[in-house]
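Student: My structure is below; once you've seen it, I'll send some questions.
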Amino acid sequence: MGRRIGRIIGLVVVLVAAGAAVLLVPAVQDVLIRREVRRRLAGTSQPAWADGALRVLLCGTASPLPHATRAKACVAVFAGDRFWIVDTGPGSWNELGLWQIDGRRVGGILLTHFHSDHIGDLGEFNLQTWVAGRPGPLAVYGGPGVDRVVNGFSEAYALDNQYRTAHHGADVMVPAVGKMEAHTIAGPADGAGPSVVLQQDGLTITAFAVDHSPIHPAYGYRFDYRGRSVVVSGDTIKSASLIAAAKGADVLVHEAQANHLVDVLREGVVAADRPRLAKILGDIPSYHTTPVQAAEAANEAGVRLLVLYHLTPAPPAWVVERAFVRGVSDVRPRDWLLGDDGTLVTLPPDSDVMTVSRLD
C-alpha cells in the first residue's frame, strides 16, 4: 500500500511539473492570454441599462487615510441610459474601469465640496470618459468655486489632451469633446434651500446644503427616478437639512466617522511623536458624523436603507468593521449596512423591491 501511494504521489508531482513547464511555452501563454482577454471583454459586470431601475453603486468608500482596497469618496447613480458621479475621490475611476462601466454613458459629475479626497480623480474621469467616446464636454456641477476646480484640472491636463489628439487624431479624440464645463449650484450656498440641479428623462437631481463647517459650500444630493429615491450625504455633521432632504427616501448613503477609532489612531501617532498628524486627527471629529448619528438621521428621515460610506478610518479587517459600527444596531436594529467599494443597490421602478449585491 505504501509503495502504491508513493507511486501516485510521484505521478501527481510529474503531472504538476509538466503542467508548469507547459505554461512556460510562449505559444501556450499567448493562447491563454487571448482567451482571457476575450472572455473579460465579452462579458461585463456593469448594471443593466434597459430595465428602468434606479441604482446606486459605491465606487469609493475610504477616507483620506490610505487603504489597500478602497478608493476615496465616490458614488455612482444609474438612471435610464446614464450614470451620474457624486465626487471623484482618488482611485475611484480605477474601480469603475475594473467593473467595465461604460464611460460613454456618463451624465455628469456632482461635487459635494472641494476637499482633495472628493475631487482628486476629476481629471481622470474627464480623460477616461472622453477616451470611451462620450458625446460632448463633461458637465461638472458644484457650489460656488466649482469653476476654479474645473479650470485648474483643465489646465493641469491641457498638454496631455493635446498629446492625445495629436497621437490618435482629432476624429477620435475630438478636442471640443475633451473639455469640462462647470455648472455652479448657488441656491443652497445662499441659504435659499434645496435647488433642483437637473430634470431630464424622468430623473430629478436636487442639491441641498449640509454642515461641514468651516468648509463652505458643502452639499448633499437627492436623486428621484420612477418612484424611487437615493440620497448621498457628502461630508457633514448630523444635519437637519439632510434629514429633511432625505425624508422618505429608499436609500441614504451617509458618511461615517468612528471617532472612538480616530482617538485610537491619535494616541498611536502621539506615541510615535508625530505632532502634525496628531493635530489633524484631533481636529476632524468636529465636522463629521459618527455611525450611530448616521443611524439616528436615517431613522428621523424615515429612509428604508442606510448605507455607510466615506468611512474614517476605513476598516482594514473584519474585527475593525465590528468596532466601527459599535452601537449602530442599538439605534437601528435592521436595514443598514457598512458599504464597500462595489456595493450595489438596485431599485426597480414604481415598486418596494430593493436588492443589495456586489460588483467584484
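The values are calculated or read from the model by the stated rules, or taken from the named source; none is laboratory data. Predicted, not measured: the structure shown is a model, and the values here were computed from it. No Cβ is skipped: glycine too gets one built from the backbone with ideal geometry, and neighbour counts run over all protein chains shown.
Student: If we keep just the residues of the stretch 327-360 that are charged (D, E, K, R) and surrounded by 12 or more Cβ atoms within 10 Å (Cβ to Cβ), which is nearest to GLN257 (Cα to Cα)?
Tutor: ASP340
Student: Quick check: is even one residue across the stretch 204-212 modelled with pLDDT under 95 and not in a strand (DSSP E or B)?
Tutor: No, because not a single residue in the stretch 204-212 is modelled with pLDDT under 95 and not in a strand (DSSP E or B).
Student: For the stretch 213-240: of the residues being hydroxyl-bearing (Ser, Thr, Tyr) and under 20 Å from ALA192 (Cα atoms), which is surrounded by the most Cβ atoms within 10 Å (Cβ to Cβ)?
Tutor: First, pick out the residues of the stretch 213-240 that are hydroxyl-bearing (Ser, Thr, Tyr): 213, 219, 221, 225, 229, 233, 236, 239.
Subset that is under 20 Å from ALA192 (Cα atoms): 213, 219, 221, 233, 236, 239.
Numbers: SER213: 11, TYR219: 33, TYR221: 27, SER233: 31, THR236: 26, SER239: 23.
Within the stretch 213-240, the match that is surrounded by the most Cβ atoms within 10 Å (Cβ to Cβ) is TYR219.
Student: Go through the stretch 230-247 and give me each residue that's assigned to a helix (DSSP H, G or I) and among the aliphatic types (A, V, I, L, M).
Tutor: Within the stretch 230-247, ALA240, LEU242, ILE243, ALA244, ALA245 meet the criteria.
Student: So which residues in the stretch 248-303 are among the polar types (S, T, N, Q) and in a helix (DSSP H, G or I), if there are any at all?
Tutor: Filtering the stretch 248-303 down to residues among the polar types (S, T, N, Q) leaves 257, 259, 286, 289-290, 293, 299.
Result: ASN259, SER286, GLN293, ASN299.
Student: Just checking, how many residues over the stretch 256-274 are in contact (Cβ under 8 Å) with a residue 24 or more places away in the chain and either more than 22 Å from ASP235 (Cβ to Cβ) or of a type outside the set (A, V, I, L, M, F, W, C) (or both)?
Tutor: The initial filter retains those residues of the stretch 256-274 that are in contact (Cβ under 8 Å) with a residue 24 or more places away in the chain, namely 256-262, 265.
Filter once more, so that each one left must be either more than 22 Å from ASP235 (Cβ to Cβ) or of a type outside the set (A, V, I, L, M, F, W, C) (or both): 257, 259-260.
Here the count works out to 3.
Student: Residues of the stretch 160-199 being more than 21 Å from GLY123 (Cα to Cα), free of Cβ contacts under 8 Å to residues at least 40 places away in the same chain and either touching a Phe, Trp or Tyr at 6+ places or on another chain (Cβ under 6 Å) or surrounded by 14 or more Cβ atoms within 10 Å (Cβ to Cβ) (or both), which ones?
Tutor: GLY187, SER195
Student: Under 6 Å by Cβ, and 6 or more places apart or on different chains, what pairs join a residue from the stretch 70-87 that is more than 15 Å from VAL345 (Cα to Cα) with one that is of a type in the set (Phe, Trp, Tyr)?
Tutor: So the pair list comes out as ASP81/TRP49; VAL86/TYR221.
Student: Among the residues in the stretch 329-340, are any closer than 24 Å to HIS115 by Cβ and in contact with a helix residue (DSSP H, G or I) (Cβ under 9 Å, 6 or more places away or on another chain)? Even if it seems obvious, please write down each step before you answer.
Tutor: To start, the set of residues in the stretch 329-340 that are closer than 24 Å to HIS115 by Cβ comprises 338-340.
Restricting the remaining residues to those that are in contact with a helix residue (DSSP H, G or I) (Cβ under 9 Å, 6 or more places away or on another chain) gives 338.
Yes, the stretch 329-340 contains a residue that is closer than 24 Å to HIS115 by Cβ and in contact with a helix residue (DSSP H, G or I) (Cβ under 9 Å, 6 or more places away or on another chain).
Student: Right, next: Looking only at the stretch 312-325, count how many residues are surrounded by 15 or more Cβ atoms within 10 Å (Cβ to Cβ), out of contact with any Lys or Arg (no Cβ under 8 Å at 6 or more places or on another chain) and not in a helix (DSSP H, G or I).
Tutor: Residues that pass the stated criteria total 4.
Student: For GLY248, which of the numbered conditions (1) at pLDDT 95 or above; (2) buried (at least 19 other Cβ atoms within 10 Å of the Cβ) fails to hold?
Tutor: The single condition GLY248 does not satisfy is (2).
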